[in-house]
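Quick note: the coordinates plus some simple rules give every number you see, no bench work behind them. Quantities reported herein were computed from a predicted structural model and do not represent experimental measurements. Note that we place each Cβ from the backbone using ideal geometry, even for glycine, and neighbour counts take in every protein chain shown.
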Amino acid sequence: MRFLLDDEQREFARSLDKMLSAADPAATIRAWAAGDTGPGRALWARLAEAGVFALAVPDEHEGTGFLPVELAVSFRELGRHATPGPLVETVAAAALLGRLGGPLAADHLPGIASGKTAASLCLASPTSPYALDADAADAVFVVDGDTLRLAESTGPVQPSSDPARRLARPVGGAVLRQGEEMAAAAAHAAEVAALCTAAQALGVGRTLLAQTVAYVGGRTQFGVAIGSFQAVKHRLADALIALEFAEPLVHAAALALASGDAEGPASGPAVAAAKVAACEAAYTAGRSALQLHGALGYTEELDLSLWIRKARALRTAWGTPAECRARVLAG
């Protein structure tokens, strides 16, 4: 099993990094949080041109086939730049529709692959009745038991620890499909969402660590950089080790999904392990960034806060730490 990325995958990551860096990430995030989705949708179209959404769409529906490793590479870069929008949910919806197939897939997947359709997905449960960015999505898919429907409207936007993550409860809508196959398709979509969330968290953590290392290297106290203090070094080392250990788990989970069969991959424990490791690593990096930036770390005006708050929100998105650990133990 090969965990290292090949040259083509590394070049893909570099091209996404260059594109996202030029898009002024902080301004795009703040605009999205304020309800102005224009800059975010413009970036969405560029991501579609780069082939990001096509990575979750079968080739018969204008995609590149289901490529989990490349999806993980993409979402790590999206996390590094804290790109807003229902990115994970769109890919998860594509995975759901791709597994169901038929006219339903033919109707919606080409739009997802091309970037014309930003989708959100809600796997309805008492503890998770909301869809991310449903107010900004072109299509909101809701799976409730053995029924898939397309929501016709959404309730009021709910607050989130990350202001760029807008939560709303889907309401009503036409039934698109019913059947026993819905459970397996929804489980597959949830695993894809958890993998992409893990990769996204890994990228968020990398940015938090890099920005903190730069800050402590320039901030002085008692005539020396605070980065030279042993306690500061230990905090940063803990964050780095957590991220380094999480990265191969994310790659392993992507490979497990890639090798799954048509009836459903036996990748649940691998994906759960990646999700909890990457999100806890990002959370550790966020706590270190907050504390080592001192009073500045507590201000919303500091762009770093956008990444800190995203790390907190991703920690419980698509599987809480407790749920993921239980899934790993269950095997």
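Annotations for the structure displayed:
- Those residues of segment 79-114 whose amide nitrogen sits under 17 Å from the label point placed on residue 210, 7 Å along Cα→Cβ: 79-84
- Residue-span extension gain [residue 241 to residue 34] - 0.36 nm each, minus C-alpha spacing: 71.0 nm
- Sum of side-chain charges, residue 158 neighbourhood, beta-carbon under 11 Å (Lys, Arg +1; Asp, Glu -1): +2
- Dimensionless Rg/Rh of the chain - Kirkwood Rh, Rg from C-alpha atoms: 0.97
- FRET efficiency, 1/(1 + (r/R0)^6) with R0 51 Å, evaluated for residue 220 and residue 22 via beta carbons: 0.95
- Convex hull volume of the C-alpha atoms in segment 184-330, normalised per residue: 100 Å³.
- Taking the number of Cβ atoms within 10 Å of each Cβ as an exposure proxy, the fewest-first ranking of 166, 14, 46, 235 is 14, 46, 235, 166.
- Top positive-direction residue, dipole computed over the chain with Cβ charges, set 254, 220, 272: 220
- With eigenvalues of the C-alpha gyration tensor scaled by 5 and rooted, segment 1-64, Å: 26, 17, 9
- Cα centroid of segment 164-184 to Cα centroid of segment 46-114, whole Å: 18 Å
- Cross-link reach list, aspartates and glutamates versus residue 275, counting only Cα pairs under 13 Å and skipping chain neighbours closer than eight places: 191, 247, 323
- For the chain, the relative contact order comes to 16 percent (Cα pairs under 8 Å, sequence separation of at least 6).
- Each of 182, 19 has some number of other Cβ atoms within 10 Å of its Cβ, and from fewest to most they run 19, 182.
- Note on the chain: with charges restricted to the Cβ of Lys and Arg (+1) and Asp and Glu (-1), its dipole about the Cα centre is near 1240 debye.
- Whole-Å distance, taken between Cα centres, linking segment 258-331 and segment 210-238: 24 Å
- Amide H contacts under 5 Å for residue 120, placed H, 5+ residues apart: 139, 140, 141
- Under-5 Å amide H pairs with residue 154, H placed in peptide plane, nonlocal only: 171
- Taking 224, 142 and counting other C-beta atoms within 10 Å, the order from fewest to most: 224, 142
- Between residue 158 and residue 106, the modelled label-to-label distance comes to 3.7 nm, taking each label 7 Å out from Cα in the direction of the beta carbon.
- Taking amide H as placed 1.01 Å from N in the peptide plane, residue 166 has its amide H under 5 Å from the amide H of 133, each at least 5 places away in sequence or on another chain.
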